[in-house]
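A short reminder: the numbers here are calculations on the coordinates, not readings from a lab. Here the structure is a predicted model, which means the values were calculated and not measured. Cβ coordinates were reconstructed from backbone atoms using ideal geometry, including for glycine residues, and neighbour counts include every protein chain displayed.
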Amino acid sequence: MAKIPESTPVFAVPLFKDFGKSATDLLTKDFPSTQKFELNTSSENGLKFQTIVEQKKGKAGSDSVAPLVMFGSFQTKLDLTDYGVAFTGTLDTELLRWEVVLSKLVKPGIKSTFKGSTSTEVIKEVYGDVEYKGKYGNFVFDFNLKDDIPRLELASVVGQNGFSIGAKGSYILPDDPKKGGNLDAISVTGGYSSKSFDFTGSFNGKFDKHGFKPTLGSTLHYKHNADTTFATSASWDPSKALNEGVSVTVGGQYNFDSQTSVKGKASTSGAIGVAYKQKLNKNVTLQLATEVNAIKTQPHTLGLSISFTP
């Protein structure tokens, strides 16, 4: 078999949840809005630990003012690669979370994930799925119990030569077995991915007591060169007036070098954000970000994140 030249990108069919991920990550990640310190450590037996201390806004009181609260979390991760098992446990000031990933099931390409979260009083969420990845497609079937609402979801994507199309359906199970459940939401997304850009277009529909509510969306991620990247996302809700139903966000990132980068974004809602990221040394990474709104009168945010990895 002839070898593929190194310059030729190998196309991988994305999971449905990963459609538009490159654009979404550029427009949302690395824009801290709180003050956070993160410590990452590991042991010789493969255990990884992450400790986070963060100051952020809590729930608003009767005066509609959200107080600043301290939040902390401790996470442990064990990855048994030889056995295809990964376990993650997280304890924070609000919930206990756990996740188990089994990646060696029956045949290559099949993976299963089980996770959940609980407070001191009730179980908040239980989730389980089965995922299959093939050369020309994939599917994910999952069960999710969140806020006492049991839901089944099925998503599948097929693709070849950079083109891909997928669909997803969500079904709410009935409380009473004698009664039927109801279709909750449907989505259809298509896209094209190449070495320099990634484009997606989507149709999403939500069912409620008022009927069916459709929305349209799209994302574009364009890599101009190794240092400059742009992204945009847009959505349209036909049930609203044009000036309210259309939302567009554009942004870009520039890498000064392998240690320092800056990114910015602006949206039709008036929000303008700027972020700066620098690796101070091999152990410490600093992130700064601020966001203001040029249209609405609301407080600006200023975020700071320091990550330390020995």
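When the chain is described by a simple charge dipole with +1 on each Lys and Arg Cβ and -1 on each Asp and Glu Cβ, the residue from A271, H210, A167 located farthest towards its positive end is A167. Taking a ≥ b ≥ c as the square roots of the eigenvalues of the Cα gyration tensor, an a/c ratio below 1.5 marks the chain as rounded.
For Cα pairs less than 8 Å apart in space and 6+ apart in sequence, what is the mean separation divided by the residue count of the chain, i.e. the relative contact order in percent? Mind showing how you got there, number by number?
Values: 759 pairs, mean separation 46.9, N = 310.
This gives 15 percent for the chain.
The overall shape of the stretch 13-95, judged from the alpha-carbon gyration tensor, is oblate: a/c is not under 1.5, and a/b is no greater than b/c. Among the listed pairs K17/K209; K107/K133; K29/K296; K59/K296; K48/K133; K104/K124, a Cα-Cα separation exceeding 18 Å is found for K17/K209; K29/K296; K59/K296; K48/K133; K104/K124.
3J(HN,Hα) along the stretch 151-156: 9, 10, 9, 9, 9, 8 Hz, from the Karplus curve 6.51 cos²θ - 1.76 cosθ + 1.60 with θ = phi - 60°, whole Hz, x for Gly and Pro.
Treating the beta-carbon of each Lys and Arg as +1 and of each Asp and Glu as -1, no other charges, what is the dipole magnitude of the stretch 84-230 about its Cα centre, to the nearest 20 debye? Could you put the intermediate results ahead of the total?
Values: 18 positive and 17 negative charges, 131 e Å.
Using Cβ point charges on Lys, Arg, Asp and Glu, the stretch 84-230 gives about 620 debye.
Determine the calculated [θ] at 222 nm for the chain from helices alone, applying -39500 (n - 2.57) to every DSSP H run no shorter than 4 residues and normalising by the residue count; nearest 500 deg cm²/dmol. Intermediate values should be presented prior to the final figure.
Numbers: 2 runs with 12 residues, N = 310.
It lands at -1000 deg cm²/dmol.
What shape does the stretch 115-175 have by the C-alpha gyration tensor, where a ≥ b ≥ c are the square roots of the eigenvalues, rounded means a/c under 1.5, and otherwise prolate means a/b greater than b/c and oblate the rest? Note, shape of the stretch 115-175 comes out prolate. Quick one: check the C-alpha center-to-center distance for the stretch 247-285 versus the stretch 95-127, whole angstrom. Centre-to-centre distance over Cα atoms comes out at 32 Å.
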